[in-house]
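K.L.:
The structure is given below, and queries will be raised subsequently.
The values are calculated or read from the model by the stated rules, or taken from the named source; none is laboratory data. What you are looking at is a predicted structure, and each value in this text was computed from that prediction instead of being measured. Reconstructed Cβ throughout: ideal geometry from the backbone, glycine too, with neighbour counts over all protein chains shown. Quick note on the areas: whole protein, heavy atoms, side chains included, nothing else; ligands and nucleic acids left out. Shrake-Rupley method; radii C 1.70, N 1.55, O 1.52, S 1.80 Å.
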Amino acid sequence: MCKFLSLGLLLPLFAPAQTAAPKTPVPRFQDVAQQVGLTVSHISTPEKKYIVESMSGGAGLIDCDNDGKLDIIAVNGSTIDRFRQGGDLMITLYHQDADFKFTDITKSAGLTRKGWGMGVAVADYDNDGLPDIYVTGFGGNALYHNLGNCKFEDVTDKAGVGAGGFSTGAAWADYDKDGRVDLFVSRYVHFDIDKLPDFGSDEKNCRFKGILVQCGPWGMIGESDLLFHNRGDGTFEEVSKKAGVDDPNRYYGLGAIWGDYDNDGWPDLYVANDAGPNYLYRNKHDGTFEEVGMLSGVALGGDGQMQGSMGVDWGDYLHEGRLSMFVTNFTEQPDTLYRNSGKDGFADVTYPAKLAQPTYPYVGWGTAFFDIDNDGWLDLFIANGHVYPQVDSIPGGASYREPLQLFRNKRDGTFEDVSSVLSGIPPHSRRGAAFGDVNNDGNIDVVLINVGEPPTLLLNQGGNTNHRVLFKLVGTVSNKMAVGARVTVKAGKLVQFSEVRAGGSYLSQNDPRLHFGLGTEASMSEVEIKWPSGRIEVLRNVPADFIYTVIEGEGIKEKLALPRI
């Protein structure tokens with residue numbers, strides 16, 4: 001334990017002191033969900049007697065009709081009784097109208113498959129220029145092919161991606177660089193709805209601090225994970241075992257995310273496992289992967305203990321040119337920040353980063369590195385919520401409904417807890433969180449799933465004069481949505497990068513457009529785009545405060561001015 005922590009304690013001392021600590025005010029966030037029309041409730045039982053009732057659901061952002069405005073996906077959940085009667089619509093799709101109101105278009109859009117929704121990931125799997133939707137769930141998943149104008153066709157069976165079992169995380173990437181995105185699906189526990197465990201029956205695995213709670217995941221059999229290779233004809237081949245990502249240990253898979261952590265130009269895969277070591281699969285460039293989580297230092301916490309990991313995100317929070325990893329965990333386990341040290345692997349720097357103590361009491365789920373105030377430095381957001389409603393009966397214990405957390409990057413390897421700016425947002429038991437500029441004002445907003453309740457939409461109120469920019473990338477040789485592309489932005493003395501991803505956080509989908517805060521810089525001296533195809537394009541002297549559409553091989557094709565600051 002001391003060996004790992006001492007290394008972590010030293011690392012922040014070498015953090016690059018590029019600029020002074022932030023002086024701009026922390027933005028306020030306003031929940032506008034109800035007033036803009038996000039009113040459909042997530043479905044769950046009050047008691048949560050079974051583990052399947054606790055894990056849903058994800059949130060997603062998609063521009064389903066390519067009108068330049070983000071639409072919102074909320075995963076719906078279900079209950080044992082409702083599922084036995086056919087289940088519920090797996091997702092709700094809200095279309096963003098002209099006056100920043102949202103309309104529930106789920107049924108008219110053709111998103112009518114019923115089941116028990118868990119998560120969502122969006123990508124253009126057939127390269128037709130329209131984003132498609134994949135939904136994970138208990139008992140079967142769904143793939144919806146976008147026909148245009150937010151109309152979808154259920155192609156699950158034709159495509160061969162129904163999966164089954166207890167599917168949770170989903171993430172798309174072109175792992176073999178053939179120009180088509182492939183699909184990874186993590187799965188959780190084996191759960192037989194016809195052989196339900198008796199509530200609180202097992203003294204070891206169905207109790208928490210002496211009270212009766214749902215059983216699991218401890219003591220339950222895990223499910224394997226799946227990798228669907230895109231054949232290019234509308235169908236997929238399941239290749240997880242051949243590729244080496246099938247999870248022969250049957251760990252309890254939850255959050256999944258692709259990212260090029262070793263900067264070799266190929267997407268690697270991270271899988272958060274509940275109550276077990278996490279996986280880091282290094283892409284071997286031949287269609288197979290090597291599991292290096294333990295060797296790299298991201299499988300366990302810095303004390304060598306397994307954690308109950310849920311949500312995940314990559315981010316270069318120190319401007320070192322490498323992706324570090326943040327993972328949310330179960331209560332009484334700090335959410336973990338792994339700093340990427342290059343060839344030396346990762347180090348758990350949670351304690352020296354000042355993230356351990358504030359995250360220790362809560363159960364963390366949806367999360368992201370994102371720039372809350374457009375100062376050019378990545379901050380951290382965490383959605384929390386306990387799994388056991390019964391904890392409310394424990395005097396002085398953690399509550400079922402837990403507060404949101406926000407940590408501001410202090411630019412020296414540490415974070416400041418600024419969660420007080422969210423104190424006006426009522427606590428809920430939350431799960432998925434999706435991050436993106438929902439109202440196209442240059443600030444990143446957050447969509448949150450509240451278990452058994454309607455969603456939350458937190459609008460970032462900005463409140464500063466920092467410049468910003470967004471890039472929408474369109475592939476030609478690369479996959480159409482440019483999933484896996486890396487954009488590096490140089491503005492003043494600051495260099496930052498991000499990658500286009502399709503799936504992450506906790507079972508959720510962020511805005512595929514890449515957002516960068518630029519601080520006081522009104523232009524970018526250089527924007528480098530590394531496309532998944534291997535092509536590199538460089539744009540010079542690019543003005544800030546626009547949303548740019550960049551087409552592979554053709555440069556900037558469209559730009560939309562962001563509001564004046």
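K.L.:
How many nm separate the modelled label positions at Leu212 and Asn249, each set 7 Å beyond the Cα in the direction of the Cβ?
P.N.:
Distance between label points: 3.4 nm.
K.L.:
Starting from the Cα gyration tensor of the stretch 440-539, take the square roots of the eigenvalues, sort them a ≥ b ≥ c, and report rounded, prolate or oblate (rounded when a/c is under 1.5, otherwise prolate if a/b is larger than b/c, else oblate).
P.N.:
oblate
K.L.:
List, in the order given, every pair from Lys284/Lys343; Lys177/Lys530; Lys107/Lys472 whose Cα-Cα distance in the structure shown is over 18 Å.
P.N.:
As for pairs spanning more than 18 Å Cα to Cα, those are Lys107/Lys472.
K.L.:
Moving to a separate point now. Roughly to the nearest percent, how much of the accessible area of the chain is carbon and sulfur, given a 1.4 Å probe?
P.N.:
50 percent
K.L.:
Antiparallel versus total DSSP beta bridges in the chain: what percent is that, nearest 5?
P.N.:
Counting only bridges with both partners in the chain, antiparallel ones make up about 95 percent.
K.L.:
Need the C-alpha centroid separation for the stretch 84-109 versus the stretch 163-238, integer Å.
P.N.:
Using only Cα atoms, the two centres lie 25 Å from each other.
K.L.:
Given charges of +1 on the Cβ of Lys and Arg and -1 on the Cβ of Asp and Glu, with all other atoms neutral, how large is the dipole of the chain about its Cα centre, in debye to the nearest 20?
P.N.:
That gives the chain a dipole magnitude of about 720 debye.
K.L.:
Lysines within cross-link reach of Lys195: Cα-Cα under 22 Å, excluding same-chain residues under 8 positions apart?
P.N.:
Within reach: Lys48, Lys49, Lys114, Lys204.
K.L.:
If you count only protein heavy atoms with a 1.4 Å probe, what accessible area per residue comes out for the chain, rounded to a whole Å²?
P.N.:
The answer is 36 Å² per residue.
K.L.:
Let me ask something additional. Students often get this wrong: which residues of the stretch 148-169 have the backbone nitrogen under 16 Å from the point 7 angstrom along Cα-to-C-beta of Asp128?
P.N.:
148-160
K.L.:
How far is it, in nm, from the label point at Thr39 to the one at Lys69 when both lie 7 Å from their Cα along the line to the Cβ?
P.N.:
It is 1.8 nm.
K.L.:
Rounded to the nearest 0.05, what FRET efficiency is calculated for Asp392 and Lys493 with R0 set to 60 Å and r the Cβ-Cβ distance?
P.N.:
Result of the calculation: an efficiency of 0.75.
K.L.:
Calculated FRET efficiency, Asp198 and Gln85, Cβ-Cβ r, R0 25 Å, to nearest 0.05?
P.N.:
Efficiency, from the Cβ-Cβ distance: 0.65.
K.L.:
Let me ask you something else. Between Asn230, Val40, Ser429, whose Cα lies farthest towards the positive end of the dipole of the chain when Lys and Arg beta carbons carry +1 and Asp and Glu beta carbons carry -1, centred on the Cα centre?
P.N.:
Working it through, the farthest residue towards the positive pole turns out to be Ser429.
K.L.:
Tell me the label-point distance for the pair Leu560, Phe100, using the 7 Å Cα-to-Cβ offset, in nm and rounded to one decimal.
P.N.:
Rounded to a tenth, the inter-label distance reads 1.4 nm.
K.L.:
Then there is this: I'd like the FRET efficiency for Asp441 and Thr520, computed as 1/(1 + (r/R0)^6) with the beta carbon distance as r and R0 of 22 Å, rounded to 0.05.
P.N.:
Working from the Cβ atoms, E equals 0.75.
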